[in-house]
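Here's the structure, in C-alpha cells; my notes come after.
The values are calculated or read from the model by the stated rules, or taken from the named source; none is laboratory data. The structure presented is a predicted model; accordingly, all values stated were derived computationally and were not measured. All Cβ positions, glycine included, derive from the backbone under ideal geometry; neighbour counts span all protein chains shown.
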Amino acid sequence: MIEQHPCNGPEATFEAGRMLAEILRAGDVIGLMGDLGAGKTLLTQGIAAGLGVPESVRVTSPTFSLINEYAGGRLPMVHVDLYRIEAEAELEHIGLEEMLDNAGVSSVEWCERFPVLPDDHLIVRIEIAGETQRTLSATGNGPRSTEVAAKWAALLGATLR
Amino acid sequence: MLVLGLESSCDETAAAIVEDGHRVLSDIIASQVDVHARYGGVVPELASRAHVANVVPVIEQALNDAGVTLDDIDGIAVTQGPGLIGALLVALQTAKAIGYARNIPVVGVHHLEGHLSAIRLEDDYPPYPHIALVVSGGHTSLMRVDGPGALVELGATRDDAAGEAFDKVAKLLGLGYPGGAVVDKLAQTGDPTAYSLPRPMTKPETKLEFSFSGLKTAVLNLVRQQGLPEGQALADLCASFQATVVEVLVRKTRKAAKQEGLKHVQVCGGVAANSGIRAGLREAGEKDGFRVYVPPPIRCTDNAAMIAAAGTYQLERGERAGMDLNANSGLPLPSETSA
C-alpha cells in the first residue's frame with residue numbers, strides 16, 4: 001500500500017509509472033482514479049516507457065478512442081478510458097472484457113465509473129496537490145496486486161504499511 | 001462505379017452509397033439524432049456503439065435512400081482500422097458476408113485515409129500533393145498527402161488531441177462535456193489576450209509535434225487559483241484558450257506547408273468546424289499563399305461516405321481483399337511503398 005507519495009512535477013509522475021512497469025507481469029490490471037489533469041495518462045506513459053514500448057510510439061490519451069493497444073514492449077499493454085462511456089452495455093459492444101482477459105498489462109482510467117476490473121486489481125489514485133505537485137496512493141485488492149503495491153512502494157521509497 | 005461504404009471503428013455505425021468516388025447518393029450515421037427527420041423515419045432509435053444492432057438497418061437505409069439495391073453495387077469499402085477491434089469487426093464481417101454472398105469485391109480502408117478523402121466528395125478539392133491537418137477529438141496530426149493511399153505523417157500529438165483539450169477545458173470551466181462548441185461560442189465575445197496561457201510545443205526542436213495536455217493543466221491551475229470564472233471573465237478565458245490552440249495549430253500548419261513547399265492545405269476532423277481554426281488558417285493562407293479546403297461539418301466527423309470515397313480509388317486500382325481480410329486496431333498509415 002502506498003499513501004500520499006509526493007510527485008513533484010510531471011517528471012516524477014512519469015518516473016513512478018516507469019518504476020511500476022518493472023514489477024508488472026502479464027495479467028496485471030491497474031485502475032486509475034484522479035480528476036481531469038491529474039496525470040493518469042502521464043503515469044501510463046511512464047508504464048509504457050518502463051515496459052520498453054519504443055519512444056517512437058506515441059502513447060496518447062484514450063479518451064476518444066476508448067482503448068489504445070501498445071506492442072513492442074516487454075509485455076503488450078492496453079490503455080483504456082471509461083470517461084466517455086455512458087452505459088454499462090456499451091462496454092460489451094466495444095469488447096472490453098475480452099481485451100482485459102487477453103492483455104498483458106492493462107491500465108484503466110476512470111475505472112470507478114463501471115465495475116469492469118477483475119477481482120485482483122491495483123487501484124492507483126492521483127490527487128492534485130499543487131500546480132505541478134501530485135500525490136500518489138495505491139492499494140492492492142487481492143494477493144497479486146497487494147504484492148505489486150508493496151514492491152512499488154519499496155521502489156518509490158514510500159511509506160509501507 | 002457505385003460503392004457501398006461501411007464504418008464502425010469507434011462510436012458510429014454508418015453506411016453510405018457513393019458514385020464514382022465523388023457523388024454521395026446516401027449517407028447514414030446511426031447516432032444522428034435527426035436521422036428520422038432527414039431520412040424518412042425507417043431507422044429505429046439506435047443505441048450508441050451498438051454496432052451489431054445498427055449495421056443492417058443503416059445499410060438498408062443507405063440503399064433505400066439511394067434508390068438502389070445490392071445488385072447495383074460494384075464494390076464495398078469498409079474501415080479496416082485503426083479503431084476498437086470489437087467495433088471494427090462488425091462492419092468488416094458484414095462487408096465480407098455481403099461480398100461473398102453477392103460476389104461483390106471488397107476493400108479495407110484506413111480510417112484516416114477515409115477522413116482525408118472526405119474533401120474529394122466536394123466540388124472544390126485540393127490537388128496532390130497537399131498538406132492535411134487532421135484535428136478531431138481523437139486525432140491531431142499533420143500529413144503530406146501524396147495521392148490516394150500515399151500518406152506521410154509529418155507530426156502528431158504526444159498526448160491529448162486538440163478536440164479533447166477543447167472538451168476537457170469546457171468540463172473544467174463547468175460548461176459540460178463534451179463542450180468544445182460551447183467554448184467556441186463563448187470565445188466570440190471574449191478577449192483572447194486577457195489570459196496568458198503556455199503555447200505548447202512551439203520551440204523549433206519540437207518540429208511538427210503537438211501537445212495539448214499541459215494547456216489543459218494550465219486552465220486547471222487557473223481555476224484552482226482564481227475560482228471558476230463567470231460572465232466576461234469566462235468568455236475571456238475561453239477566447240484566450242481558443243486563441244492559444246489556434247495559434248499552435250496555425251503555426252505548425254504554416255511550418256508544414258513551407259517545409260514541404262506546398263500551396264494547398266486541407267483541414268478535416270470534428271474540430272475543423274471551430275470558427276477560430278477556420279479563420280486563423282484562412283488568414284495564414286492569405287499571408288503565405290496557400291489555399292485552405294474544409295469539408296462540411298457532417299463529413300468532418302465519422303461517416304461512411306468518406307470510406308466509400310477512399311475505397312473507390314482502391315477498387316479502381318484493382319485492389320481486392322480476400323476472405324482473410326481482418327480488422328487491425330493498429331493499422332499503419334497507407335504509404336506509397338505499401339500501396
Exercise for review: Can you give me the ranges of the strands (runs of 3 or more DSSP E) entirely in the stretch B:102-162 with at least 3 residues that are buried (at least 21 other Cβ atoms within 10 Å of the Cβ) and either within 14 Å of another protein chain (Cβ to nearest Cβ) or without any contact (Cβ under 8 Å) to a residue 40 or more places away in the chain (or both)?
Suggested key: B:140-147
Check your understanding: Name the residues in the stretch A:16-43 that are among the hydrophobic types (A, V, I, L, M, F, W, C), more than 8 Å from the chain's Cα centre (by Cα) and more than 12 Å from chain B (Cβ to nearest Cβ), would you?
Key -> A:ALA16, A:MET19, A:LEU20, A:ALA21, A:ILE23, A:LEU24, A:ALA26, A:MET33
Check your understanding: Only one of (1) in contact with a helix residue (DSSP H, G or I) (Cβ under 7 Å, 6 or more places away or on another chain); (2) at negative phi fails for B:GLY83. Which number is that?
Key -> (2)
Study note, to complete from the structure: Among the residues of the stretch B:183-213, the number that are within 14 Å of another protein chain (Cβ to nearest Cβ), part of a helix (DSSP H, G or I) and in contact (Cβ under 8 Å) with a residue 40 or more places away in the chain is 1
Check your understanding: Can you tell me which residues in the stretch A:124-150 are closer than 20 Å to A:MET77 by Cβ and crowded, with 19+ Cβ neighbours inside 10 Å?
Key -> A:VAL124, A:ILE126, A:LEU136, A:ALA138, A:GLY140, A:SER145, A:VAL148, A:ALA149
Check your understanding: Would you pick out the residues in the stretch B:64-110 that are farther than 15 Å from B:GLU7 by Cα and in contact with a strand residue (DSSP E or B) (Cβ under 7 Å, 6 or more places away or on another chain)?
Key -> B:ASP65, B:ALA66, B:VAL68, B:ASP72, B:ILE73, B:ASP74, B:GLY99, B:ILE104, B:PRO105
Exercise for review: Go through the stretch B:287-330 and give me each residue that's within 15 Å of B:ARG251 (Cα to Cα) and either touching a strand residue (DSSP E or B) at 6+ places or on another chain (Cβ under 9 Å) or buried (at least 24 other Cβ atoms within 10 Å of the Cβ) (or both).
Suggested key: B:PHE290, B:VAL292
Check your understanding: Restricting to the stretch B:170-182, what's the tally of residues that are assigned to a helix (DSSP H, G or I) and in contact with a Leu (Cβ under 8 Å, 6 or more places away or on another chain)?
Key -> 3
Study note, to complete from the structure: In the set B:LEU142, B:LEU173, the lone residue that is at pLDDT 95 or above, farther than 23 Å from B:ARG278 by Cα and of a type in the set (A, V, I, L, M, F, W, C) is B:LEU173
Point to revise | Residues (over 27 Å from B:ASP11 (Cβ atoms) and either crowded, with 21+ Cβ neighbours inside 10 Å or outside the structural domain of B:GLY180 (by TED's automatic domain parsing) (or both)) located in the stretch B:223-239 | key: B:LEU237, B:ALA239
Practice item. State yes or no: is B:GLY261 closer than 16 Å to B:GLY174 by Cβ and modelled with pLDDT of 95 or more? Key: no
**Study point:** Qualifying residue in the stretch A:62-71 (condition: more than 10 Å from chain B (Cβ to nearest Cβ), hydrophobic (A, V, I, L, M, F, W, C) and outside any loop (DSSP other than H, G, I, E, B))
**Key:** no
Study note, to complete from the structure: Exactly one of B:LEU281, B:LEU220 is at pLDDT 95 or above and over 22 Å from the mean Cα position of the chain (by Cα), and that residue is B:LEU220
Point to revise | Criterion violated by B:GLY311 - all others in (1) modelled with pLDDT of 95 or more; (2) within 24 Å of B:LEU208 (Cβ to Cβ); (3) of a type in the set (Gly, Ala, Ser) satisfied | key: (2)
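If I ask for residues that are surrounded by 15 or more Cβ atoms within 10 Å (Cβ to Cβ) and part of a helix (DSSP H, G or I), which ones from the stretch A:81-101 would you list?
Of everything in the stretch A:81-101, those that are surrounded by 15 or more Cβ atoms within 10 Å (Cβ to Cβ) and part of a helix (DSSP H, G or I) turn out to be A:GLU90, A:LEU91, A:GLU92, A:HIS93, A:LEU96, A:MET99, A:LEU100.
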**Study point:** Given (1) surrounded by fewer than 24 Cβ atoms within 10 Å (Cβ to Cβ); (2) in contact (Cβ under 8 Å) with a residue 40 or more places away in the chain, number of the condition A:ARG18 does not satisfy
**Key:** (2)
